[in-house]
Amino acid sequence: MRKKSTYEELEQRVKELEKEAAKRKKAEDELKELHRYTRELIEVSLDPLVMISSEGEITDVNHATELVTGYPRDKLIGTDFSDYFTAPRKARQGYMQVFKEGHVRDYPLEIRHRDGKVTPVLYNASVYRDAKGDIAGVFAAARDITQLKEAEEALRKDEKKLNALLADLAAKNEELDSFVYRVSHDLKSPIVTIDGFVGALKEDFGDVLAEDGQKYLGYISDAARKMELLIKDLLDLSRIDRLTRKKREFPFATLVKDTLKALQPQIKARHIVVNIQEDLPVIYAERRRLERAVDNLLTNAIKYIGKENPSPRIDVGVEQQNGQKVFFVRDNGIGIEKRDFDKIFRVFQRLPSAKKQIGEGTGVGLTIVKRIIEHHGGKIWLISEPGKGSTFYFTLKGKEA
């Protein structure tokens with residue numbers, strides 16, 4: 001077999017080198033293409049993107065970083081990354097945290113532009129590795145939160161204004177309650193005087209007054225008693241938040257039974273069956289004040305039971321709703337239209353159906369109930385349907401640990 005000549009060996013070696021050069025060029029072209037593609041991805045981002053070496057020097061940035069700092073890319077590369085923040089030490093701490101934990105999320109910093117403008121940002125960063133798998137540096141992206149900061153500041157200002165308005169409203173409400181209390185208290189005396197003199201007129205001159213005169217005195221007496229009742233309710237309403245008594249624990253069942261004792265004449269006269277649920281819980285409240293609320297609810301149920309109801313019934317109990325104890329007073333009376341649910345809790349609001357059933361009233365009773373329940377940290381609402389009765393639900397705030 002013929003041995004290859006030196007020339008042939010050289011020619012073969014040249015071909016091998018040409019192949020290797022072609023492969024190397026192809027790899028370089030692919031690397032350039034990858035680099036170009038990577039640059040395009042970096043530049044398309046509206047957020048500032050920065051690559052930082054393990055020594056803390058900037059190795060690459062995108063155009064958004066140039067805009068936020070005011071420096072061109074070639075001036076940024078090779079400089080200390082922390083020099084462009086209002087708090088360089090904090091920036092370096094975040095940088096070290098990336099090396100320690102592998103990443104940081106929503107790290108707050110402020111970038112200072114060369115003209116002095118400051119941009120608040122949240123940084124998200126992670127380490128990147130070289131071909132050997134060793135950590136080569138940090139890749140960081142900043143999200144401009146200027147608008148968020150402006151919105152937060154506007155919200156703080158609005159909250160401050162709202163708190164000021166609420167404080168002013170509370171002061172005005174307190175002043176109004178105090179005014180109602182004073183006026184109501186001062187009106188009691190003349191009303192009692194009027195009623196007293198009406199009684200004196202009847203006693204001393206009743207035999208000489210004509211029938212119309214007797215009737216007019218009756219009108220005056222009735223009006224005085226209604227006014228006295230209204231003043232009493234207004235005084236009670238104004239006292240709810242003015243006077244605070246000590247709360248204590250007691251069985252709710254005891255309160256209900258004690259309240260019903262005073263209502264027995266009306267209950268017996270209407271032949272109403274009252275059912276009190278067994279195992280009612282112990283509650284934490286102002287006994288006398290809550291007793292007034294329950295009394296008003298029961299009195300309201302008795303009034304609205306309906307004169308023609310063949311089997312009047314009132315139920316008092318408690319049930320679980322969304323993991324919370326909810327108390328209720330339920331009747332099978334005339335019911336209420338849904339559109340009137342909110343109206344009945346407003347002061348002096350009385351429904352036309354109520355006037356037909358029970359005559360005149362003050363329209364303050366349920367307002368007092370609502371204020372007492374809210375004074376105890378609870379809320380009150382109802383479910384009702386005309387002709388099918390009403391259920392008043394209310395909650396009470398438990399004893400704080």
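The values are calculated or read from the model by the stated rules, or taken from the named source; none is laboratory data. These numbers were taken from a predicted model, which means no experiment stands behind them. Note that we place each Cβ from the backbone using ideal geometry, even for glycine, and neighbour counts take in every protein chain shown. Ligands, DNA and RNA are stripped out before the accessible areas are found, and what is left, the full protein with its side chains, is counted by its heavy atoms. Shrake-Rupley method; radii C 1.70, N 1.55, O 1.52, S 1.80 Å.
Quick notes
- Yes/no for A167 being at pLDDT 90 or above and open to solvent by less than 70 Å² (accessible area, probe 1.4 Å): no
- Screening region 279-310 for residues that are part of a loop (DSSP other than H, G, I, E, B) and modelled with pLDDT of 90 or more and picking the one that is nearest to the chain's Cα centre (by Cα) gives P281.
- Hits in region 149-161 - residues which are open to solvent by 90 Å² or more (accessible area, probe 1.4 Å) and hydrophobic (A, V, I, L, M, F, W, C): L155
- Yes/no for V326 being at pLDDT 85 or above, open to solvent by 20 Å² or more (accessible area, probe 1.4 Å) and among the β-branched types (V, I, T): no
- In this structure, K356 does not satisfy being at pLDDT 80 or above and farther than 16 Å from T299 by Cβ.
Here is a yes/no grid of residues against (1) of a type outside the set (G, A, S); (2) touching a residue at least 60 places away in the same chain (Cβ under 8 Å):
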| site | (1), (2) |
| --- | --- |
| T59 | yes, yes |
| I77 | yes, no |
| Q97 | yes, no |
| E110 | yes, no |
| P120 | yes, no |
| S126 | no, no |
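- When residues in region 1-39 are screened for being within 60 Å of the chain's Cα centre (by Cα) and modelled with pLDDT of 65 or more, 0 of them pass.
- The set of residues from region 139-148 being open to solvent by 100 Å² or more (accessible area, probe 1.4 Å) and charged (D, E, K, R) comprises just one member, R143.
- Scan of region 205-214 for residues that are assigned to a helix (DSSP H, G or I) and surrounded by 11 or more Cβ atoms within 10 Å (Cβ to Cβ), ordered by number: F205, G213, Q214
- Among the strands (runs of 3 or more DSSP E) confined to region 33-135, the ones with at least 2 residues that are touching an Asp or Glu at 6+ places or on another chain (Cβ under 7 Å) and open to solvent by less than 60 Å² (accessible area, probe 1.4 Å) are located at 118-129.
- Enumeration of residues in region 329-345 that are within 29 Å of the chain's Cα centre (by Cα) and at pLDDT 90 or above: V329
- Those residues of region 171-199 which are over 30 Å from G218 (Cβ atoms) and surrounded by 11 or more Cβ atoms within 10 Å (Cβ to Cβ), in sequence order: N173, E174, L176, D177, S178, F179, Y181, R182
- Matching residues, region 267-321, being within 22 Å of H375 (Cα to Cα), open to solvent by 70 Å² or more (accessible area, probe 1.4 Å) and free of Cβ contacts under 8 Å to residues at least 40 places away in the same chain: V282, Q320
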